[in-house]
Structures are given as C-alpha cells and as structure tokens.
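Heads up: the structure comes next, in structure tokens.
Rule-based calculations on the coordinates, nothing more; no lab input. The structure presented is a predicted model; accordingly, all values stated were derived computationally and were not measured. Methodologically, a virtual Cβ is constructed for each residue, glycine included, from the backbone with ideal geometry; neighbour enumeration extends over all protein chains shown.
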Amino acid sequence: MPRAAKKDPLATIGRGFLDPRSFVSRDGRQFLYGEDMSVRRHEVFERSGGFCEEPGCNRQIYEELPHWHPNALHVHHIKPRSKGGAEDMANLQAACTRCHKKHHSDQELRWSGKS
C-alpha cells in the first residue's frame with residue numbers, strides 16, 4: 001500500500017475488485033493491482049484507439065507486445081502515485097515505449113546510480 005494512502009474499507013468493499021490488494025483510499029483514489037490493473041490497462045488502450053496519446057506522437061501501439069518493443073503499450077501515470085496520483089482514467093495515458101522512456105529518463109539515472 002502506498003505510504004500516504006489510507007484504505008477506506010467501506011468504499012473498497014463496494015467496488016468488487018478482482019485483486020485483494022486493490023483498494024479505495026480515504027480521499028477517493030483507486031489503487032489497482034494485478035487483474036484490476038489489467039482491466040484498467042485495457043480501458044486505457046481502448047480509449048487511445050491503438051495510438052500513443054503523447055502530444056506529437058502518432059505511433060501505433062499494441063497491447064500484446066513485450067514491453068521492450070517500440071510499439072508496445074505502456075500505461076503512464078501523468079501524476080505519479082507517489083505524488084498523489086491514482087489509477088483513474090484522467091491520470092493514465094497510453095504511451096509507446098519511446099515516449100514512456102522519455103517521461104522516466106531522469107528517474108532511470110537515479111535508479112541505476114548513474115546520477
């Protein structure tokens with residue numbers, strides 16, 4: 001569970017989540033895991049019409065490709081969960097591999113210790 005998010009048991013029970021780790025926080029944000037995130041991922045793909053939603057990019061993307069493929073679907077959190085973002089559709093963007101890497105290029109340096 002994200003550190004700042006506090007689970008709202010009553011709101012969570014009513015959602016019928018598929019994964020027991022998924023929950024609704026007290027401030028109404030959804031945190032999805034496993035099958036629940038797979039369903040949301042598909043919804044993001046359907047909304048995109050099969051194209052990267054990054055402005056200026058028109059690369060066609062596919063759900064079934066491995067994550068390293070240039071045309072693979074990546075679901076990008078516009079506002080990271082660690083900064084208060086959630087898995088609602090307004091905060092998720094369908095992105096191709098190149099655009100998703102561009103969004104996280106500064107973080108890759110920190111994670112790899114090359115900063």
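Enumerate the whole-percent occupancy of each 5 Å bin, from 0 to the last occupied one, for all C-alpha pair distances of the chain.
Values per bin, smallest distances first: 2, 12, 18, 20, 18, 14, 10, 4, 1.
Every cysteine in the chain with no other Cys Cβ under 4.7 Å from its Cβ, please list them in numeric order.
Cys99
Ranked from highest to lowest mean number of other Cβ atoms within 10 Å per residue, what is the order of the peptides 50-62, 26-38? Could you put the intermediate results ahead of the total?
Details: 50-62: 14.2, 26-38: 15.9.
Highest-to-lowest ranking by the protection proxy: 26-38, 50-62.
With only Lys, Arg, Asp and Glu charged, each at its Cβ (+1 for the first two, -1 for the last two), find how big the charge dipole of the chain is about the Cα centre; round to the nearest 20 debye.
Details: 19 positive and 15 negative charges, 119 e Å.
Here the size comes out at about 580 debye.
What net charge is computed for the residues neighbouring Met89, neighbours being all others with C-beta under 14 Å from the C-beta of Met89, Lys and Arg scored +1, Asp and Glu -1?
On the way: positive: Arg29, Arg40, Arg41, Arg47, Lys79; negative: Asp36, Glu43, Glu46, Glu53, Glu87, Asp88.
Local charge sum for Met89: -1.
For q values of 0.20, 0.22, 0.25, 0.28 Å⁻¹, compute log₁₀ I(q)/I(0) with the Debye formula on a Cα-only model of region 17-64, without solvent.
One equal scatterer on each Cα of region 17-64 leads to -0.74, -0.79, -0.87, -0.95.
Could you order the peptides 90-97, 41-48 from most to least packed, using the average number of other C-beta atoms within 10 Å per residue? All intermediate terms of the calculation are to be shown ahead of the outcome.
On the way: 90-97: 20.2, 41-48: 15.4.
Taking the mean over residues of other Cβ atoms within 10 Å, the ranking is 90-97, 41-48.
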